[in-house]
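Notes follow the structure.
The values are calculated or read from the model by the stated rules, or taken from the named source; none is laboratory data. Keep in mind the model is a prediction, meaning the values are calculated, not measured. Using ideal geometry, Cβ is built from the backbone for each residue, glycine included, and neighbour counts are taken over all protein chains shown. Surface accessibility is based on the protein's heavy atoms, side chains included, excluding ligands, DNA and RNA. Shrake-Rupley method; radii C 1.70, N 1.55, O 1.52, S 1.80 Å.
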Amino acid sequence: PLPRILRLLNRAPLLLALLASGGALRGQMTEDFEKAPIRYSATPPHDRVTQLQAKITSGALKLEGSAKSVVRALLRELDVPVASQIVVFSKTSLQRSRISPDHPRALFFSDTCYVGWVPGGLAELTVIDPQLGPIFYAFSPRRAVSAEGPSFERDADCLRCHGGAFVREIPAVFVRSVFTGRDGEPLLRHGSLVVDYRTPFDQRWGGWYVTGRHGTAVHRGNSTAEENGDTLVFDPQAGANVTSLDRYFDTSAYLAPTSDIVALLVYEHQTAVQNALTHAAFAARRMLDYQRGLQRAFKEPEKIGRAHV
């Protein structure tokens, strides 16, 4: 009836305000992985970076030379191959102000470690901790050769994106594919994908450089996009079967001149598997903690030791 409709319309601003405040409250809520039993940020990690920092502090390891040399030595110490280099030019990470198509960000990876580096900027490390999953650090190659000495700082800012924004419920590693303008800015209104092994080939690598021949199939790598009003102007053929990145930027500033298509495929598959393992590990720890709580509540012996969590 009309009176009821009018009453609802009069309340619409209040309803919208309540919905908006609810969304804001959800944004401020503490992620479950910050609560017991995980306590992600409050728990000291035991990973490769903590071991590496101990070597540097004791003087057993010295990182010397140019920033490029320091990054190369860092990869060597972490057993991360230079040949794993892949390169991204979209402004979609911590150092977005430094990144552009002619000054991209390089990433390197092994089974348990990911290293990102922008020449002239920071090295960003993500190392897999056996209890906490991925731990995020920032490291300045320039500080490594200064009087202050090098240090790895656990970087909470990374959790703005890696702490449940794109992969829910866990601190995660992931790969995004976005249409990117000539300045490196992502054109987000035309879509953004988190890529894994299920993503179609023709939707991969927007904002990334890709080297390697792949036949007649096309992808979104190596190409920038433009907007003509509401229309996206993008030619995937322009970035197909590229074997050299020299036309795009000065590759001599980097550790390798490539962003290999096979490395990209492995990287995307590995991040998806790592996230699945983190999900499973956190779920198992919560269930074990729940079981211990039941045993305490019913005054039963705790049959599950903390060492098994």
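Within the stretch 162-180, can you find the residues that are touching a strand residue (DSSP E or B) at 6+ places or on another chain (Cβ under 9 Å) and open to solvent by 60 Å² or more (accessible area, probe 1.4 Å)?
Of everything in the stretch 162-180, just one residue is touching a strand residue (DSSP E or B) at 6+ places or on another chain (Cβ under 9 Å) and open to solvent by 60 Å² or more (accessible area, probe 1.4 Å), namely F166.
Name, by its number, the condition in (1) free of Cβ contacts under 8 Å to residues at least 60 places away in the same chain; (2) open to solvent by less than 50 Å² (accessible area, probe 1.4 Å) that does not hold for F249.
Condition not satisfied by F249: (1).
Report the residue count in the stretch 207-227 for those that are of a type outside the set (D, E) and either farther than 10 Å from N241 by Cα or buried (at least 17 other Cβ atoms within 10 Å of the Cβ) (or both).
Here is the first cut: in the stretch 207-227, the residues of a type outside the set (D, E) are 207-225.
Filter once more, so that each one left must be either farther than 10 Å from N241 by Cα or buried (at least 17 other Cβ atoms within 10 Å of the Cβ) (or both): 207-211, 218-225.
Within the stretch 207-227, residues that are of a type outside the set (D, E) and either farther than 10 Å from N241 by Cα or buried (at least 17 other Cβ atoms within 10 Å of the Cβ) (or both) number 13.
Quickly run through the stretch 68-95 and pick out the residues that are open to solvent by 20 Å² or more (accessible area, probe 1.4 Å) and either assigned to a loop (DSSP other than H, G, I, E, B) or touching a residue at least 12 places away in the same chain (Cβ under 8 Å) (or both). Before the answer, list the steps.
Of the residues in the stretch 68-95, the ones open to solvent by 20 Å² or more (accessible area, probe 1.4 Å) are 68-69, 72, 76-77, 79, 81-83, 91-94.
Listed by number, the residues that qualify are K68, R72, E77, D79, P81, V82, A83, K91, T92, S93, L94.
Hey, could you check the stretch 185-206 for residues that are touching a residue at least 24 places away in the same chain (Cβ under 8 Å) and under 18 Å from T231 (Cα atoms) and say which is surrounded by the most Cβ atoms within 10 Å (Cβ to Cβ)?
My answer is G206.
If you go through the stretch 102-109 one residue at a time, do you hit one that is surrounded by fewer than 21 Cβ atoms within 10 Å (Cβ to Cβ) and of a type in the set (A, V, I, L, M, F, W, C)?
Quick first cut of the stretch 102-109, residues surrounded by fewer than 21 Cβ atoms within 10 Å (Cβ to Cβ) only: 102-103.
Next, only the ones that are of a type in the set (A, V, I, L, M, F, W, C) stay: none.
No - not one qualifying residue is present in the stretch 102-109.
Which pairs have Cβ atoms under 9 Å, sit 6 or more apart or on different chains, and link a residue in the stretch 213-224 that is within 10 Å of F201 (Cβ to Cβ) and without any contact (Cβ under 8 Å) to a residue 60 or more places away in the chain to one that is assigned to a loop (DSSP other than H, G, I, E, B) and open to solvent by 30 Å² or more (accessible area, probe 1.4 Å)?
Close Cβ pairs (under 9 Å, with a partner that is assigned to a loop (DSSP other than H, G, I, E, B) and open to solvent by 30 Å² or more (accessible area, probe 1.4 Å)) amount to H214/N241; R220/F234.
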